Structures are given as structure tokens and as C-alpha cells.
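Before any comments, here is the structure.
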Amino acid sequence: EAQVTQNPRYLITVTGKKLTVTCSQNMNHEYMSWYRQDPGLGLRQIYYSMNVEVTDKGDVPEGYKVSRKEKRNFPLILESPSPNQTSLYFCASSLGGIGGDTQYFGPGTRLTVL
Amino acid sequence: AQTVTQSQPEMSVQEAETVTLSCTYDTSESDYYLFWYKQPPSRQMILVIRQEAYKQQNATENRFSVNFQKAAKSFSLKISDSQLGDAAMYFCAYRSYGNEKLTFGTGTRLTIIP
């Protein structure tokens with residue numbers, strides 16, 4: 001089954017404790033992206049990757065890091081989480097290119113930073 | 001930069017009736033894509049319908065259809081014969097031609113009244 005998976009689905013942590021949210025897709029997609037969703041703001045892009053070893057900032061990259069060492073995986077790293085990073089996070093992937101391909105979303109990760 | 005506006009934070013409709021959700025966007029581009037995503041309580045992002053800007057014909061998917069007015073930069077979603085399972089948050093999204101990034105509106109929460 002074609003899918004995007006994220007782990008963990010729920011995470012409660014404390015300020016300053018490094019964490020990683022994993023994202024994996026099994027569709028051989030080139031493009032992957034991270035969004036955060038906050039009430040009243042919709043979804044905003046954090047980082048994206050056009051292919052292996054190619055990443056770039058989205059609209060709200062501060063406080064986040066990403067890496068793309070394998071095509072299928074695109075982890076989101078919070079090296080020193082703060083309470084303002086409490087949010088719902090989505091990973092998404094698509095084939096890439098200019099074809100207007102549909103983006104597939106993971107199930108979301110609810111992060112709370114105390 | 002592109003912006004997407006959903007001016008109705010909440011809407012409600014009687015079961016089996018028709019409801020229209022509004023979306024406007026701002027862009028200087030001529031080629032782009034527009035999407036409606038549904039987010040039920042499970043938080044999963046589900047693609048409802050998509051529209052290519054170069055197509056004059058409005059997209060339709062079963063009970064869901066759009067009214068795409070390119071000159072007015074308007075992209076409304078019509079849900080016919082509303083069902084209880086349609087209750088969700090609905091997001092309008094914009095994507096440039098040749099760019100995978102999605103720009104989302106702030107969402108409209110749709111309630112179905114039995």
C-alpha cells in the first residue's frame with residue numbers, strides 16, 4: 001500500500017531535549033516536505049527536499065533541521081525544542097517535477113513541548 | 001508571494017443539503033494548481049479535488065465540485081447531498097506550476113446537522 005508514515009504519532013517532551021520525528025514514504029517520490037499546522041494559521045511549510053542531499057527552507061524553518069540521506073526518509077530534527085514548537089506536524093511527498101502531482105500526507109505527529 | 005484566504009472559519013449545513021465553501025487567492029502567475037483538502041477528526045489530510053488553472057472546465061468528483069473563476073481568483077467548493085461523514089476541516093491550497101510547495105488557507109470547519 002502506498003503510504004507516508006510518521007513516528008511518533010504523539011510526543012510530549014520538555015524544553016531543550018533534542019528530538020527527531022521520522023518520515024518515510026514507499027512510493028519512490030523525489031519530493032518530500034514538512035508542514036506544521038497551528039489553529040487559525042493553516043499549514044505552513046517548514047523544509048522541503050527535491051531529492052537526496054537536496055534540501056531547502058520553507059516559510060517557517062527557524063528551530064528545525066532536516067536531512068535527506070535516503071530517498072525514502074526525511075526526518076525532522078528539533079535540536080532544542082521550545083514551547084512555541086508545540087504543533088501538529090505533517091510530512092508529505094510527491095513524485096516531483098512540473099506535472100502537478102498530488103502530494104500524499106502522513107498521518108501527523110502531535111508534539112507538545114513543556 | 002502567493003496567499004490563500006478562506007473567509008469562513010465555520011459553516012454548518014443540514015444533512016442532504018448543499019453547501020459552498022469559499023476560497024480566494026492572490027497570485028501574479030498564470031499557471032498553477034488549486035486543491036481542496038479535507039481533514040476529519042482523525043487529522044489525516046485527504047485530497048478532495050484539484051483544479052489546473054489552464055483548464056476552463058470546473059473539476060468534479062462525485063458530490064464535490066468547484067467553481068473556478070480565474071479572473072476573480074476564486075475557487076469555491078460545493079458539496080451536494082451533504083453527509084455526516086463530510087464533517088471536517090476543509091483547506092484550500094495553492095501550488096505554483098513547477099513548484100511542489102503548497103500554500104494553504106486557514107481552513108473552514110464544516111458541521112453537518114442531522
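The values are calculated or read from the model by the stated rules, or taken from the named source; none is laboratory data. Remember, it's a predicted structure, so these values are computed and weren't measured experimentally. Positions of Cβ are backbone-derived with ideal geometry, glycine not excepted, and every protein chain shown enters the neighbour counts.
Scan region A:31-56 for residues that are over 12 Å from the mean Cα position of the chain (by Cα), of a type outside the set (V, I, T) and surrounded by fewer than 18 Cβ atoms within 10 Å (Cβ to Cβ) and report the count. Total meeting the criteria: 8. Among the conditions (1) surrounded by 13 or more Cβ atoms within 10 Å (Cβ to Cβ); (2) of a type outside the set (S, T, N, Q); (3) touching a strand residue (DSSP E or B) at 6+ places or on another chain (Cβ under 6 Å), B:E61 misses just one, which is (1). The conditions of being touching a residue at least 24 places away in the same chain (Cβ under 8 Å), hydroxyl-bearing (S, T, Y), assigned to a strand (DSSP E or B) and more than 10 Å from chain A (Cβ to nearest Cβ) are not met by B:S65. Assessment of region B:85-96 against the conditions (surrounded by 20 or more Cβ atoms within 10 Å (Cβ to Cβ), farther than 19 Å from A:R36 by Cα and in contact (Cβ under 8 Å) with a residue 12 or more places away in the chain) yields at least one matching residue. Taking the criterion of being within 14 Å of another protein chain (Cβ to nearest Cβ), basic (K, R) and not in a strand (DSSP E or B), would at least one residue in region B:90-112 satisfy it? Within region B:90-112, one or more residues are within 14 Å of another protein chain (Cβ to nearest Cβ), basic (K, R) and not in a strand (DSSP E or B). From the set of residues in region B:35-50 that are part of a strand (DSSP E or B) and more than 10 Å from chain A (Cβ to nearest Cβ), which is nearest to B:T24 (Cα to Cα)? My answer is B:W36. Looking at this structure, is A:S93 among the hydroxyl-bearing types (S, T, Y) and under 14 Å from A:M27 (Cα atoms)? Spelling it out, A:S93 is indeed among the hydroxyl-bearing types (S, T, Y) and under 14 Å from A:M27 (Cα atoms).
One residue is enough: does region B:21-43 have a residue meeting the conditions without any contact (Cβ under 8 Å) to a residue 40 or more places away in the chain and surrounded by 15 or more Cβ atoms within 10 Å (Cβ to Cβ)? Walk me through it before giving the result.
Taking region B:21-43 as the starting set, the residues that turn out to be without any contact (Cβ under 8 Å) to a residue 40 or more places away in the chain are B:28, B:30, B:42-43.
Add one more test, that the residue is surrounded by 15 or more Cβ atoms within 10 Å (Cβ to Cβ), and what stays is B:43.
Among the residues of region B:21-43, at least one is without any contact (Cβ under 8 Å) to a residue 40 or more places away in the chain and surrounded by 15 or more Cβ atoms within 10 Å (Cβ to Cβ), which makes the answer yes.
Based on this model, can you work out whether B:E15 counts as more than 26 Å from A:P107 (Cα to Cα), of a type in the set (D, E, K, R) and within 14 Å of another protein chain (Cβ to nearest Cβ)? Against the criterion (more than 26 Å from A:P107 (Cα to Cα), of a type in the set (D, E, K, R) and within 14 Å of another protein chain (Cβ to nearest Cβ)), B:E15 does not qualify.
Within the option set B:G107, B:G85, being closer than 25 Å to A:Y89 by Cβ and at pLDDT 95 or above holds for one residue only, B:G107.
Here A:I98 fulfils each of the conditions (1) away from every other protein chain (no Cβ under 12 Å); (2) touching a Gly at 6+ places or on another chain (Cβ under 9 Å); (3) at pLDDT below 95 apart from (1).
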